[in-house]
C-alpha cells in the first residue's frame, strides 16, 4: 500500500469536503432567495413593523448574509442545527432518532438488495440471452418501472390486509425489541428493494458482459473452469468498479429517496420529518435535512470512488 | 469406428475435421461458412507439429479444436478429434472441461491480455492444477517455481507474487508457458506465442519454450505465420491455406524441398531489389536535436535526435518497442511538441505544436498507420475517405473529385468498383491501400509510415511495399518508414536510423548501417531476426553480445 493510493484517496476526500461546503452555500442561498424571512414567518399575521424589527434584531437577521451563513455553518459544525420554528424544538435532537431509523431501514434494504442484485446479474450473464436472462431482466425492470407508492400499496394490500403477516403501518419506537422492529420494517424494506434492484442488476450484467470478451476470460475457459466460476472468479473482479458506483448511487437513494415510502408506511424517519416540515414551511429544518442528505450522498460517492481505486490492482500494486 | 483404437504412442489424431461458423454480413441473410475443410493430422507423444499459414488459414481454429473450443460461434460440425484414444467430441461440455487445463493447455498470443489483471500470477499459474486436483497447492507452487527457473525468469521464487502489469511482455509470455506446463499436460497448443514480442525478446522466449518442451516431453501444436520461427521448434510442419491442407512433412523437407507452389512462395525470401539512392544536397525534412517527453515526465522518450530525409527517398527508423520510433513521428507531426530542438521542413522551421502549423504544412506531411481498419471511419465509403483530403486541402468537389478518386484508386491497383464499399468489406491489405491513397490525395512531400505492414501477412505486406516503392518513383514522395522488421528495412530503405532507448545509435546510408563492424545493439537486432535454417536459434543465442532490453 503506497503513496499513489493514499494521494488519490486524500484528493477524493478533500474534493468531497469542498463539494459539501459548496452545497451548504447553495442551501443557505436558496432559503435567502425565498420571499419573507424567519421573523415574518414566525410572526405571521400579527406582524407589525416594530415587532418585525425587534425580532430581526433578536435573531441577528440584520447582520449581512455572509455573517449569518458562517454563524449557521459554525453551528452545524458543532452539532447545533438550530431550532425548529414550528415546534421550537432543537432540530439536532429531533433528527437524531429519525436519522437512525432511516439508516436502519436503508441498511436492511441494502443488505437484501445489493447481494440479490449482484447474484441475479451474475446469473443473467451465465444464461445470457436465454430465457433465464430475459425473465430476470423483465421482472427487475417491471418492478423498477412501477412507482414506489404503487408497489408499497400492493405490498400492504397483499401482506398486511389479506394475509396480515406484516403490519401496514411501520411504527417503531425506542426500546422496541429487534424482532418486532424487523417485522415492522419488512414491507417498506421490500418496497425499497424492488425499487433499486433493477438498476444494480442491469449494471452488474452489462459490466460483466463487457469483460467477458477479454482474452483472460478465454484463458479461464481453456483451464476447464465452469461457466459460473469463470464469471465469478475472472470476470466479476474486473467489472467491480462500475458496479460499485451504481451500488453506491442506489444506497444513497435508499437514504435520501425514501420520502415516499416512509410516508406510505408512516415510518418515523427523515423523509417523514422532511415532508412534515416542508408543508409547515419550517426553513431551518429543511436546511438541516437538506444538508444531511447532501452529506450522505457525497460520502457514499466518495466511498464508491475510493473502492474503485482500491479495486484497481495497478494502483494498489504499482510497478 | 473400428479404427478408433489409436496406435501406441499416438496422442492426438484428428480425422476429417470440419469447422463452420455463421456470419452476419451487413444487409444480407446470415450464412454458414466453412472455416476448416476436412483436415486430418496426427501427433505422437512428445513431438511438436507446426501449423503455419496466413490469417484465415484456420490454424488457431484447428489448434483450439483439440480442446473442443470454438471462438465466437465457431462450431465443429464434422470429423473426429481423438485424444489419448477417445473421441473428445463425444464427451460433451463436461468432457471438454475435464480435459481443458489438464490434458491440453493453451498458450495465447498476447500473454499481457491473457492474464487476468486482478489476480496474482501464482494464483493463475496453479489454478488449473488445483481445479483438476492433480496437485495440492504446495506441490503446484513448487512445480511452478521450478518451471519459472527453467524458463529463466528473474526472481523465480517471488515473481509469482506479482500482478501481470508488474511484469514485462516477454516475461509474461514465459509465465504463461509455465502456466501451461504446471498442470503437466500431454499437449500444449502454442498460438503465436512470440508474434507480439520484439524480435530481440522473441529469441529468448523461443529458446525458453524450446528447452521446456524438450525437458518435459510434452507434445505441442505450434501455431504461427512465421515459417522461420516454426522451423526452430517443430519436428513436422503442416502448411494450411483457406482452411485446407496444403502440405505436411518433416521440418527439413518443408523448408528445403517444398513440394507445393504455395509452400515455396512462403519459403522463398521476398527481397525487393531496391537500388539505394545517394543522399541529395538539401533534405526535405531535418529533425534537429529533438528531445521530447510525455506530460511533465522527467523520462525523456527522445534524446537529442537528429535525422535528415531527402526528397523522393526513404529513411527507415528501426528499433524495438519503447525505443521512441513512434514518438519521433509524433514530434515531427506536431502531436507531441518537442521540449528542445526543431523540425525543419522544406527550408522552413515548422511550428512545434500542431495548432501553430498552417494548413499547407499539414498537407505536405501525411501519415499512414499500422492498424488501417481503425484509421478509417467505418461509416464512410472508400470514395468519401479518399475524397476527403481533396475537399479539405484543395476544395475539389463533384465530378472532378470523383475523377481524382478514381485516379487514386487506379494508382493503388484497386478498381473503380471499390468507391462505394465500406472499410469492413475490404481485406487487410486493401484497407492499407485505401489509407495510402488517402495520404497521396493530399499530394504530400513526405509520408510517415508507422509500422504499415506489421499487421499484414507476409505476401500481402510484400505487395504493399512494392506499391509504396512504385508510388515513390512516380510521385517523388519521401517516406519516413518506422518498423521493427529488418527484412522490410532491407527492401525499402535508402538510409537507416537505428533507435535504442530514445537515442539514435546508428545512422547513415543503408549499405553502411547494415555492414560490419556493428555496435552491440545493431548486432543484437540483426542477429535476432529468425532465419529459415534448422539450428539457427542455438547459433544465434550462442553468438550474442548483449542481452535484450525486454528481459
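The values are calculated or read from the model by the stated rules, or taken from the named source; none is laboratory data. These figures come from a predicted structure and were not determined experimentally. Neighbour counts are summed over all protein chains in view; Cβ atoms, including those assigned to glycine, are modelled from backbone coordinates with ideal geometry.
Among the residues of the stretch A:137-171, those that are in contact with a helix residue (DSSP H, G or I) (Cβ under 8 Å, 6 or more places away or on another chain), part of a helix (DSSP H, G or I) and over 26 Å from residue A:119 (Cα atoms) comprise A:149, A:153, A:156, A:160. Tallying residues that are more than 9 Å from chain A (Cβ to nearest Cβ) and not in a helix (DSSP H, G or I) within the stretch B:145-164 yields 8. Considered as a group, the residues in the stretch B:112-121 that are more than 8 Å from chain A (Cβ to nearest Cβ) and under 27 Å from the mean Cα position of the chain (by Cα) include one that is modelled with the highest pLDDT, and that residue is B:121. A single member of B:173, B:109, B:124 is within 14 Å of chain A (Cβ to nearest Cβ) and part of a loop (DSSP other than H, G, I, E, B), and it is B:109. Scanning the stretch A:219-238 for residues that are buried (at least 20 other Cβ atoms within 10 Å of the Cβ), within 12 Å of chain B (Cβ to nearest Cβ) and part of a helix (DSSP H, G or I) returns A:219, A:220, A:221, A:222, A:230, A:234, A:235, A:236, A:238.
One line per residue, one yes/no per condition, for (1) assigned to a loop (DSSP other than H, G, I, E, B); (2) within 14 Å of chain B (Cβ to nearest Cβ); (3) surrounded by 20 or more Cβ atoms within 10 Å (Cβ to Cβ):
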| residue | (1), (2), (3) |
| --- | --- |
| A:173 | yes, no, no |
| A:184 | no, no, yes |
| A:188 | no, no, yes |
| A:191 | no, no, yes |
| A:194 | no, no, yes |
| A:207 | no, yes, yes |
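Taking the stretch A:77-91 as the range and being part of a helix (DSSP H, G or I) and surrounded by fewer than 17 Cβ atoms within 10 Å (Cβ to Cβ) as the test, only A:77 passes. Residues being touching a residue at least 24 places away in the same chain (Cβ under 8 Å), surrounded by 17 or more Cβ atoms within 10 Å (Cβ to Cβ) and more than 30 Å from residue B:48 (Cα to Cα) are represented in the stretch B:257-274 by at least one member. Given the condition within 12 Å of another protein chain (Cβ to nearest Cβ), touching a residue at least 24 places away in the same chain (Cβ under 8 Å) and touching a helix residue (DSSP H, G or I) at 6+ places or on another chain (Cβ under 8 Å), answer yes or no: does some residue in the stretch B:70-92 qualify? Yes, the stretch B:70-92 contains a residue that is within 12 Å of another protein chain (Cβ to nearest Cβ), touching a residue at least 24 places away in the same chain (Cβ under 8 Å) and touching a helix residue (DSSP H, G or I) at 6+ places or on another chain (Cβ under 8 Å).
Out of the residues in the stretch B:188-205 that are away from every other protein chain (no Cβ under 12 Å), touching a strand residue (DSSP E or B) at 6+ places or on another chain (Cβ under 7 Å) and crowded, with 24+ Cβ neighbours inside 10 Å, which is farthest from residue B:536 (Cα to Cα)?
The extreme case among them is B:190.
When residue B:142 is tested against (1) away from every other protein chain (no Cβ under 14 Å); (2) surrounded by fewer than 19 Cβ atoms within 10 Å (Cβ to Cβ); (3) modelled with pLDDT under 90, only condition (3) is not met. Among the numbered conditions (1) part of a loop (DSSP other than H, G, I, E, B); (2) away from chain A (no Cβ under 14 Å); (3) at pLDDT 90 or above, the only one that residue B:67 does not meet is (2).
The condition (being surrounded by fewer than 16 Cβ atoms within 10 Å (Cβ to Cβ) and within 29 Å of the chain's Cα centre (by Cα)) is satisfied by just one residue among B:403, B:379, B:438: B:379. If you go through the stretch B:322-361 and keep only what is surrounded by fewer than 17 Cβ atoms within 10 Å (Cβ to Cβ) and in contact with a helix residue (DSSP H, G or I) (Cβ under 8 Å, 6 or more places away or on another chain), you end up with B:335, B:337, B:346, B:351, B:354, B:359. Each residue in the stretch B:29-52 was checked for being part of a loop (DSSP other than H, G, I, E, B), on the phi < 0 side of the Ramachandran plot and touching a residue at least 40 places away in the same chain (Cβ under 8 Å), and 2 of them qualify.
Which of the residues belonging to the stretch A:83-129 are out of contact with any helix residue (DSSP H, G or I) (no Cβ under 9 Å at 6 or more places or on another chain) and over 19 Å from residue A:251 (Cβ atoms)? Passing the criteria: A:88, A:89, A:90, A:93, A:96, A:97, A:129.
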